[in-house]
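Notes to accompany the following structure.
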Amino acid sequence: MLPLSIGSISGLKKLDTRRNGCIRPPKGTQEKGPQAVVEYLKRVENASLRKLLDVENFGLSSFPLDTLAMQDLTELNLSANSISALPREIVVLTRLVTFRYSSNNLLTLPSIVCKLTTLTSLDLQENKLNSLPSNFSELPLMSINLSRNNFEIFPPPLERMTNLEHIDLTDNRLTRLPFMIGRFVYATAILLGGNQVSVLPDSLGAMGEASLQVINLSKNGLFDLPSALFNIKRLERICLSGNNLRELPNQLCVLKKLKELWLDHNQLTYLPSRLGELVSLSALYLHSNRLKMIPKNLVELKGLKVLTLSGNELRELPWDFHRLSELEELWLDDNQFEALQLERSLFPRLQFLTFRHNPLTKEVFKRLKENFEGLDKNHDEENQAEDEENQADDE
């Protein structure tokens, strides 16, 4: 092994490790320079002791065969390289629990990987996969990340893996979900954003009192939501951003444990009248819709900390809007407000407020700007330009 102190040689421009018995860094790592070589060797040296080898983004173009001698490894990270194939010999890593292999050029997952009988977490995001081996369900996985690949259908082997707790198929090309999706009763998170799913199966409701806490269906083609979705009583976060939703049923409001609700970038013109019954809600994202009014009982959401209403057609807020005194972020820009009855003293926790691009009178705008000075941090340059324009108009 090379002495690690070699990394302190500041003028080193070339390092030749040929014709030695020591581990030879991959060519791609050598091209990154001496510091990368030393860091690579350091991680390889410590791998056996730590039972972890992390060589993410080290310029690898092939699987590092030195790894095969580290049969006590429990965690292996080869992400962000250019490794297009895995060797059959990988099966010797009989104690591997976590394998991160994202951002490579993998076209096909070899079936031999399914012989890793201790593997519980597999990260294959951002590769070029469009299918899985038929024996993939033999893996004892609890977490699978297949986001940013080329799947056009929900991988059939996954349907048999009902012990999965975390499923990520974000940013693929799925057009439908299998009826069997309701069988993932141990799943805490199902992430399916960025696909082309226009209809959700009623079988989702089969989860009922199951473990599901997070479901992401953003950026699909959804026009409505099945009532079965609202049978999943433990949901804490629902992401429905970027769909074609025009309305929401009042049934949504039975989800008493819901903490985050993402509904931005849809076609909503009104909200459920029982919205105020979501007593656990702390973040509500409603920007970029077509809302003309918000329900009066919105103010019952006493624990609400984030509320985004930007990019709608709102003209007024409820008269008792100040009851949302726990708000930390409030987005009101790009609406039709002519007046806003807001006082800073009534929102003691507020850290960010934006009210730009509304038809406010100069007097109202000036009062708000003075009253909430320093809270519109993301618009400093725009504020300055607008102030100069207003000043020029006054002159």
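Bear in mind these aren't lab numbers, they're just calculated from the coordinates by the rules spelled out. Bear in mind the structure is a predicted one, so any value in this text is a computation, not a measurement. So basically every Cβ, Gly included, is an ideal-geometry build from the backbone, and we count neighbours across all protein chains shown.
Summary table
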{"read-out": "Unit charges on C-beta of K, R, D, E only; dipole of the chain, Debye", "value": "2100 debye"}
{"read-out": "Cross-link pairs beyond the 18 Å C-alpha cut-off, checked among Lys219/Lys259; Lys257/Lys292; Lys257/Lys302; Lys51/Lys115", "value": "Lys219/Lys259; Lys257/Lys292; Lys51/Lys115"}
{"read-out": "Cβ-based net charge around Asn297, under 12 Å, with every Lys or Arg adding one and every Asp or Glu removing one", "value": "+1"}
{"read-out": "Ellipsoid semi-axes in whole angstrom, largest first, where each is sqrt(5λ) of the Cα gyration tensor of the range 175-301", "value": "22, 17, 12"}
{"read-out": "222 nm mean residue ellipticity, helices alone, for the chain (DSSP H n ≥ 4; -39,500 (n - 2.57); rounded to 500)", "value": "-4000 deg cm²/dmol"}
{"read-out": "Taking Asp202, Asp320 and counting other C-beta atoms within 10 Å, the order from fewest to most", "value": "Asp320, Asp202"}
{"read-out": "Size of charge dipole - the range 192-251 - debye, nearest 20, with Cβ of Lys, Arg +1 and Asp, Glu -1, no other charges", "value": "160 debye"}
{"read-out": "(1) 23.1; (2) 24.7; (3) 21.2, with the label sought being that of the calculated Kirkwood radius over Cα pairs in Å", "value": "(2)"}
{"read-out": "Summed side-chain charge close to Ser345 - residues other than Ser345 whose Cβ falls under 15 Å, Lys, Arg +1, Asp, Glu -1", "value": "0"}
{"read-out": "Cα coordinate range in the range 33-141, projected on the principal axes (Å, largest first)", "value": "43, 27, 19"}
{"read-out": "Options Met70, Asn289, Phe230, ranked by Cα towards positive dipole end of the chain, top entry (Cβ charges)", "value": "Met70"}
